[in-house]
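A short worksheet on the structure shown next.
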Amino acid sequence: MTSLSAPPTATDRGHWLTLAVVGLAQLMVVLDATVVNIALPSAQADLGFSDGQRQWIITAYSLAFGSLLLLGGRLSDLMGRRRTFIIGLIGFAAASALGGAAGTFELLVGARALQGAFGALLAPTALAVLTTTFTIPKERARAFGVFGAIAGAGGAIGLLLGGFLTEAFDWRWNLYINVLIAAVALVGALFYIPFIARSGPRPKLDIPGTILVSGGLFGLVYGFSNAEFDGWDSPMTWGMLAAAVVLLVAFVFWQRRAGHPLLPLSIVLDRNRGAAYLAVMIAGAGMFGIFLFVTYFLQLTLGYSPIQTGLAFLPMIGMLVLAAQLGTNIFVPRFGPKVLVPIGMTLGVIAMIWLTFLDTSSVYVVNVMPPLMVMGFAMGTIMPASMQTATLGVDREFAGVASATVNTSQQVGGSIGTALLNTLAATATADFLVSNSPVTPDVGVQAALAGYSTAYLWGAAFFATGAIVTALLFRRKGQGISLSHDTAPAAAEPVVAH
């Protein structure tokens, strides 16, 4: 008979229900980065805000989310995963309901900022719960395969869900849907996320470090977002990016002397974890780019409706899920991330170059779906392996902030990728128009295609850089962190189920 004091194993049914709960929460947070995009034209017509104001519906969320992630992760370490997770769910649902009911532009922007703030509490806590729940290597790999697939596919699911809700119901349902998702996740959290009793003194929150890193990340995300809309010649763009660099450098110096550091530098300076964070950042940059420009191509060039565009990404999601399961259950245990992640990056290069051949005569099944499937397989190969490695071997006390660093890497990568690729595409489009005057409708279409192709080529360059960097940085299998390393700390703490 099993002792009542022994910790449950990862084979327990409750652990897989925990995975379902945190996966649902992660899906809600990730898809919210794209689900609202498709609803923007309808929201603009309803609330009457300008094209210039429209960007703030997206930027408000990304600014709050990106700048508060490390704080959210650390709060989950200090307050307890279960409590933080529940607070995050309730807050996210309330902010979503407020946004859905918004009668003014200002209220909608405020609600989106609140969504981002509670999302920054929820996302790292979900990953930390997973990290501390699954400690047996085989089960951990399977769980991270599922979670990584959700993290990678959430954006595409958001496009599909956003198109369906906008066409079938109303733009407000792109926000109300979160209330339903959060309600289901909340019931699951109350039953299946255990309360972990804390032993020893409660560590303090690093207030100076929190202010420095939150300000630095805010400046970074704002700077790249501003570049996307106002251009790289904007003083605000460079001012915010310069301030971000100063604050982040100050944060690193402070972490070296702080008595209770927000993010111990040993976490990110480990070669395997550092490589994993870089891989997530580069994959995030490429992923956001492909969603953006393939969506433009499908809707503006091929004339797809929003829901048709969302459906077009389904084969990509299918391949992502397949690759995630194959990778984490078979290939990562056998070959390690040093082999698998560079292969995924190389597949990303192939998919991006393939997309440069799209034109007005392209047919979805022949020309669009194959590179999307290759990209799905690439992301499913990169993301779960990187996320698992990024949180492996971290002391339970810092599992939340280590998980937050994964989310921060993806968010910063997405901001950088979107801003850079948008700028490069816009420049290529403008150059094409200058070189092919007078401008006719056909020339305008060709100019847009030239911009998309430029973005895809630079996206390929991102992935090629990622392939080289990760091949060099990741240790060989068997070196560094062992896959079973963090089974010990997880078994040491009593679990009190509620």
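Computed values, structure above
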| quantity | calculated |
| --- | --- |
| Heavy atoms of residue 214: accessible area, 1.4 Å probe, square angstrom to 10 | 20 Å² |
| Accessible area of the chain divided out per residue, in Å², using a probe of 1.4 angstrom | 39 Å² |
| 3J(HN,Hα) from dihedral phi, segment 387-401, Karplus parametrisation 6.51/-1.76/1.60, rounded to Hz, x for glycine, proline | 5, 5, 5, 5, 10, 7, x, 7, 4, 3, 5, 10, 4, x, 6 |
| Cβ charges +1 (Lys, Arg) and -1 (Asp, Glu), total dipole of the chain, debye | 1840 debye |
| Label-point separation in nm, residue 249 to residue 101, each point 7 Å along Cα→Cβ | 4.8 nm |
| Estimated translational D of segment 399-449 in µm²/s (Stokes, Kirkwood radius over Cα pairs; 20 °C; 1.002 mPa s) | 163 µm²/s |
| Helical mean residue ellipticity (222 nm; -39500 (n - 2.57) per DSSP H run of 4+; nearest 500) of the chain | -26000 deg cm²/dmol |
| C-alpha center-to-center spacing [segment 326-345, segment 385-437] in angstrom | 21 Å |
| Residue-level accessible surface for residue 339, protein heavy atoms, 1.4 Å, Å² | 70 Å² |
| Nearest-10 value in Å² for the accessible area of residue 205, using the 1.4 Å probe | 60 Å² |
| Long-range HN-HN contacts of residue 394 with modeled amide H, under 5 Å | none |
| Alpha-carbon centroids, segment 271-308 and segment 211-267: separation in whole Å | 24 Å |
| Qualifying chymotrypsin sites (Phe, Trp or Tyr not before Pro) in segment 347-446, DSSP loop, other Cβ atoms within 10 Å at most 16 | 357 |
| Amide H contacts of residue 302 (H built 1.01 Å from N, under 5 Å, at least 5 apart or other chain) | none |
| Per-residue HN-Hα couplings for segment 154-159 [Karplus 6.51, -1.76, 1.60; θ = phi - 60°; Hz; x = Gly/Pro] | x, x, 5, 4, x, 4 |
| Accessible surface of the chain [probe 1.4 Å, protein heavy atoms]: carbon and sulfur percent | 69 percent |
| Integer Hz, Karplus 6.51/-1.76/1.60 couplings in order for segment 74-83, x for Gly and Pro | 5, 4, 5, 5, 7, 8, x, 5, 4, 5 |
| Once the Cα gyration tensor of the chain is diagonalised, semi-axes √(5λ) in Å | 36, 25, 23 |
| Ranked packing of 224-235, 56-67, 303-314, most packed first, by mean Cβ within 10 Å | 56-67, 303-314, 224-235 |
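The values are calculated or read from the model by the stated rules, or taken from the named source; none is laboratory data. Small disclaimer: the values here were computed from a predicted structure and weren't measured. Glycine also receives a Cβ, built like all others from the backbone with ideal geometry; neighbour counts cover every protein chain displayed. Keep in mind that these areas ignore ligands, DNA and RNA; they rest on the heavy atoms of the full protein, side chains included. Shrake-Rupley method; radii C 1.70, N 1.55, O 1.52, S 1.80 Å.
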